[in-house]
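Down below is the structure, laid out as structure tokens.
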Amino acid sequence: MSRVEAMPTRLLALSGVIFCIAALALVLVAPASALLGWLSALVFTSALPLGALCLVMMMRVIPGIWRHDLDHAARSSLSLLPLVLIAWLPILFGLSFVYEWVRQPLSEPFKAIYLMPLFFDLRTLFILAAAYLLAQALLRSQSLSVAVGGLVGFVLLQEILATDWLMSLDPHFHSSGFALYVLAGQMLTALALLMLMSLWEGGVTRPSIFGALLVTAILFWAYLAFMQYFIIWSGNLVQGALWFQRRGTGIWFAVEVSIAFLHLTPLFLLFFPPIRRSRRWLVGLISIILAGRLLEYAWLILPRVTAHLGYAIIAYGLSLAGLAQIALAILSRASKVARRPAATTTAEAS
């Protein structure tokens, strides 16, 4: 029995539900702050199954030994896709507290139509349902065409999801590279979590491969993050400058510096082969990167809080703890269910 299977599934699920209820109870006190904190946790949690879905398709298309130690964890993480849809429901019912354009309809014709609440909700439901159906198709079939077509569709739909969930928090801000930047961060988050799961389970044959993948993912994220800032700065785009200004003053300046430190320090250390080959170093550096990912999602979303920032941070912590425990319970259950057919097949063969 693996470590994931040995987890107390029911206890984790119950504890997770209690934490989620506590986070949502803050809606009674500060609805906008609580729901923005919940959205931050949702975006972090959704990065694992959505990023794993992309990685499963990439593993099908791109050959190499890098796939071997990630395949099981990535496939198991696809079982979390229904949780993302359920966790979206509080945002769906509290849309007017989260998004300014619901309270104040926009004057631009295209934005006014695109950001209609019903159209917005239908897009989210369609994208998450499509992701679930695609995951089921990948688990049941080894078809290369499914993976290739799925990758193209995934990138397009993920760009829409990033635009809807995050960029529309400020309806006057627009950046053509924002969705790709979010996708890069999502893939980095998913890779870090999948690597941590694989290292925790044991049996990783080539830890240096993990180190090389992390270097690639961090560089990709850093490039897109910098290019978005550079294009806005060089073009002197007013709304883009205001977006960065809001996230570069007060407490958010310290958060911004911390995000850079928590990503670039592991990147520098991973250039040393002995560190890339060490499981202990990898676990430590992955933990640092995940701390940076948590801060970045807060940096992207929580500056929209105009009052009761403390409630938003508390809601973020409670909802993150709750969703993480529920996710662990689902992963534990999925591992047990997946092992039963394998055991039955082995018994029949003998």
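The values are calculated or read from the model by the stated rules, or taken from the named source; none is laboratory data. Note that this is a predicted model, so its numbers are computed, not measured. No Cβ is skipped: glycine too gets one built from the backbone with ideal geometry, and neighbour counts run over all protein chains shown. Only protein heavy atoms, including side chains, enter the accessible area calculation; ligands, DNA and RNA are left aside. Shrake-Rupley method; radii C 1.70, N 1.55, O 1.52, S 1.80 Å.
Based on DSSP H segments of at least four residues, each scored -39500 (n - 2.57), the chain has a per-residue ellipticity at 222 nm of -26500 deg cm²/dmol. Taken over the alpha carbons of the stretch 68-115 as equal point scatterers, the Debye sum produces base-10 log I(q)/I(0) values at 0.21, 0.26 Å⁻¹ of -0.77, -0.93. Sorted into 10 angstrom bins from 0, the C-alpha pair distances of the stretch 38-122 split as 15, 33, 25, 18, 8, 0 percent.
Distances between placed amide hydrogens fall under 5 Å for LEU70 paired with no residue 5 or more residues away or on another chain.
Summarising the label geometry, the points placed 7 Å from Cα in the beta-carbon direction at ALA137 and ALA222 lie 3.7 nm from one another.
Here the stretch 1-111 exposes an accessible surface that is 72 percent carbon and sulfur, computed with a 1.4 Å probe and the other protein chains kept in place.
The stretch 230-251 and the stretch 171-219 have Cα centres spaced 26 Å apart.
Given that compact globular proteins tend to follow 2.2 N^0.38 Å, what is the ratio of the alpha-carbon Rg of the stretch 164-254 to that value?
1.37
According to the calculation over all Cα-Cα pairs in the stretch 85-144, the P(r) per 5 Å bin from zero is 4, 16, 20, 18, 13, 10, 7, 6, 4, 1 %.
Sorted largest first by accessible area at a 1.4 angstrom probe radius, with every protein chain in place, the residues SER40, SER76 fall in the order SER76, SER40.
Shown are THR205, THR189, whose ranking by accessible area with a 1.4 Å probe and every protein chain present, most to least, is THR205, THR189. The phi torsions of the stretch 39-45, fed into the Karplus equation with coefficients 6.51, -1.76 and 1.60 and a -60° offset, translate into couplings of 4, 4, 5, 4, 5, 5, 5 Hz, rounded to whole numbers, with Gly and Pro shown as x. At 20 °C and a viscosity of 1.002 mPa s, what translational diffusion coefficient does Stokes-Einstein give for the chain, taking Rh as the Kirkwood radius over Cα pairs? Give it in µm²/s as a whole number. Here the translational diffusion coefficient equals 101 µm²/s. Please label the shape of the stretch 207-318 as rounded, prolate or oblate, based on the square roots a ≥ b ≥ c of the eigenvalues of the alpha-carbon gyration tensor (a/c under 1.5 means rounded; beyond that, a/b larger than b/c means prolate, else oblate). Judged from the Cα gyration tensor, the stretch 207-318 comes out oblate (a/c at least 1.5, b/c at or above a/b). Residue by residue, the stretch 61-68 carries 3J(HN,Hα) couplings of 9, 9, x, x, 6, 5, 7, 4 Hz when phi is fed to the Karplus relation 6.51 cos²θ - 1.76 cosθ + 1.60 (θ = phi - 60°); x denotes Gly or Pro.
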